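Here is the structure we will look at.
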Amino acid sequence: MASSTIAIEKTVPNIICGVEVISDSARRLAVTSPTTGETLAEVPMSTAAELDQAVAAAAKAQVGWGATPLKDRVQVLFKMKTLLEANVDRLAELVTAENGKTIPESMGSILRAIECVEFACSLPQIASGSVLEVSRGVECKEHKYPLGVVAGITPFNFPLMVPLWMVPTAIGMGNAFVLKPSEQTPLSAIELAKIMKEAGLPDGVFSVVNGDREIVEAICDHPTIRAVAFVGSTKVAKLVYGRGTASGKRVRALGGAKNHLIVVPDADPEMTASNVVASATGCAGQRCMAASVLLAVGDVDHILDLVREKMAALVPGRDIGGVISQAAVERISGYVARTAENGGKVILDGREAACEGPEGGYYVGASIMEVNGPDHEAACEEIFGPTLTILRVKTLDEALDIENANPYGNASAIYTSSGLVAQTFSRRASAGMLGVNIGVPVPREPFPFGGWNDSSFGSGDLTGPPAIEFWSKTKKITTKWTAGASSNWMS
């Protein structure tokens, strides 16, 4: 599998019990490359009956897999990690082809995904349960058991990384996993299934079922699926959480964001400007951790000028990858076009940027908008593109009040040289992941990923130690063997 050639299926199959199966559904969507506009494949919108087939195969396979000792299960993950590392160049090409990221961005996302596999390889050391003699002759111990069949619903923006937030720990804990990838980017999921099969994962333990809303709803309702993880928009995250929990499932649903970055006058100009620009425009702004609003505290014009200079130098197709569709181009451009109508000012207009990407690709340049208040649509709605909205404030308190009033809560960051300012921000900012001089504060393993407020529904996190608890159930056992032990209230 080390070849650099991308083998793309013209009709994207489902993976059921380790076998590629083409859906019988007549409903099909084109999978289009954002880099060229060319059709890569078509993906059928599977039916609920086809999900039933995958779940039945998963339930059967899970019995043997769940009974396999944990140390043996993670041997598959070690092999999977090795295969991912050996194929990282080829996988990066595939992610770029179906998602539009630049190759370095695709590479970075895969390396981050491999970290999650590496974490799951350590499960025998960190998820083995515990034992304690709680009284003379009385022992308490706990064991973690798999839930059974579980599922993940993942977005287009990180077609390989987000599934690998979920899958390694879930299957490492003994579950069988059914993945519903984005219908816009289903190709990476098929490659992931092939790698896991080559790593020795028994057939049926990992399945892929392609589809749209019908499959999402079927997953939420399916009586055999015991837990669901979701990453996507806040609107859909709320629906998945409500529907899944109503049917008795564990649900962890991560939604969208409107991340606020704060810059104060003592910030290092070069480091701040470079970092803000990278946060706002990396992955074409199509990530829930991207900088969206820059709260400029006091006199920071020298930094804002540098931000504009650096963003203006970015070339779509060279420095900024494609966005997912022509509809996304039009949506992003619409926010820029309406800025002045709503009382704002366009500082940098990405619609006018020259492009070096292939003709037919979905490219849009970096834009900067300055608005007068937090209620402007560019300051409160998730644009999901390479844009930055500037909002001027007089004090750090005012900046924090605006950040905390934001209904989302994925990320926030501050740029400062003052430890006291950083501490104040870290204590008061209402977001689950914070950065000090870091505009994309994604935690590295083993620290978990997860936001607050309307960016997050359900308890726990999708990565790190909380994921172990999410994908397992704990049995507590108390035993007494010593007949002649001195008695106490436990006897």
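The values are calculated or read from the model by the stated rules, or taken from the named source; none is laboratory data. Quick caveat: nothing in here was measured; it's all calculated off a predicted structure. Here Cβ is always computed from backbone atoms with ideal geometry, including for glycine, and neighbour counts include all displayed protein chains.
Some observations on this one:
- Of all residues in region 160-189 being out of contact with any strand residue (DSSP E or B) (no Cβ under 8 Å at 6 or more places or on another chain) and under 21 Å from residue 50 (Cβ atoms), the one that is surrounded by the fewest Cβ atoms within 10 Å (Cβ to Cβ): 182
- Any hit, region 192-209, residues being polar (S, T, N, Q), buried (at least 24 other Cβ atoms within 10 Å of the Cβ), outside any strand (DSSP E or B) and assigned by TED's automatic domain parsing to the domain that holds residue 79: no
- Qualifying residue in region 259-271 (condition: assigned by TED's automatic domain parsing to the domain that holds residue 311, over 28 Å from residue 335 (Cα atoms), more than 16 Å from the chain's Cα centre (by Cα) and crowded, with 18+ Cβ neighbours inside 10 Å): yes
- Flag if residue 280 is touching a Leu at 6+ places or on another chain (Cβ under 8 Å), surrounded by fewer than 24 Cβ atoms within 10 Å (Cβ to Cβ) and in the same structural domain as residue 377 (by TED's automatic domain parsing): no
- Against the list (1) at pLDDT below 95; (2) out of contact with any helix residue (DSSP H, G or I) (no Cβ under 7 Å at 6 or more places or on another chain); (3) surrounded by 13 or more Cβ atoms within 10 Å (Cβ to Cβ), the condition residue 445 fails is (2).
- Contact annotation: residue pairs with Cβ atoms under 7 Å, 6 or more positions apart or on different chains, pairing a residue in region 190-212 that is more than 22 Å from residue 47 (Cα to Cα) with a partner that is aromatic (Phe, Trp, Tyr) and buried (at least 24 other Cβ atoms within 10 Å of the Cβ), are 196/206.
- Residues in region 455-479 that are outside any loop (DSSP other than H, G, I, E, B) and more than 22 Å from residue 238 (Cβ to Cβ): 465, 468, 469, 472, 473, 474, 475, 476, 477, 478, 479.
- Taken over region 310-362, the criterion of being more than 26 Å from residue 158 (Cβ to Cβ), in contact (Cβ under 8 Å) with a residue 24 or more places away in the chain and assigned to a helix (DSSP H, G or I) is satisfied by 312, 338, 342.
- Check on residue 231, outside the structural domain of residue 88 (by TED's automatic domain parsing) and either among the aliphatic types (A, V, I, L, M) or in contact with a Pro (Cβ under 9 Å, 6 or more places away or on another chain) (or both): no
- Taking region 87-132 as the range and being β-branched (Val, Ile, Thr) and touching a residue at least 60 places away in the same chain (Cβ under 8 Å) as the test, the residues that pass are 95, 96, 102, 126.
- From the list 304, 239, 294, the one residue that fits, being modelled with pLDDT of 95 or more, outside the structural domain of residue 403 (by TED's automatic domain parsing) and either within 30 Å of residue 383 (Cβ to Cβ) or hydrophobic (A, V, I, L, M, F, W, C) (or both), is 239.
- None of 400, 434, 396, 391 is of a type outside the set (Phe, Trp, Tyr), out of contact with any Gly (no Cβ under 8 Å at 6 or more places or on another chain) and over 30 Å from residue 459 (Cβ atoms) except 396.
- Test result for residue 49, closer than 24 Å to residue 214 by Cβ and surrounded by 17 or more Cβ atoms within 10 Å (Cβ to Cβ): no
- Taking first residues from region 273-290 that are among the basic types (Lys, Arg) and partners that are not in a helix (DSSP H, G or I), the Cβ contacts under 7 Å between residues at least 6 apart in sequence or on separate chains come to 287/157.
- Test result for residue 37, of a type outside the set (Phe, Trp, Tyr), within 25 Å of the chain's Cα centre (by Cα) and either part of a loop (DSSP other than H, G, I, E, B) or over 16 Å from residue 179 (Cβ atoms) (or both): yes
- Filtered residues of region 195-248 (kept if out of contact with any strand residue (DSSP E or B) (no Cβ under 8 Å at 6 or more places or on another chain) and among the small types (Gly, Ala, Ser)): 199, 200, 218, 233, 242, 246, 247, 248
- Filter result for residue 320 (under 29 Å from the mean Cα position of the chain (by Cα) and farther than 23 Å from residue 397 by Cα): yes
- Qualifying residue in region 424-439 (condition: over 27 Å from the mean Cα position of the chain (by Cα) and among the polar types (S, T, N, Q)): yes
- Restricted to region 142-159, and to residues there that are small (Gly, Ala, Ser) and part of a strand (DSSP E or B), the residue that is surrounded by the fewest Cβ atoms within 10 Å (Cβ to Cβ) is 152.
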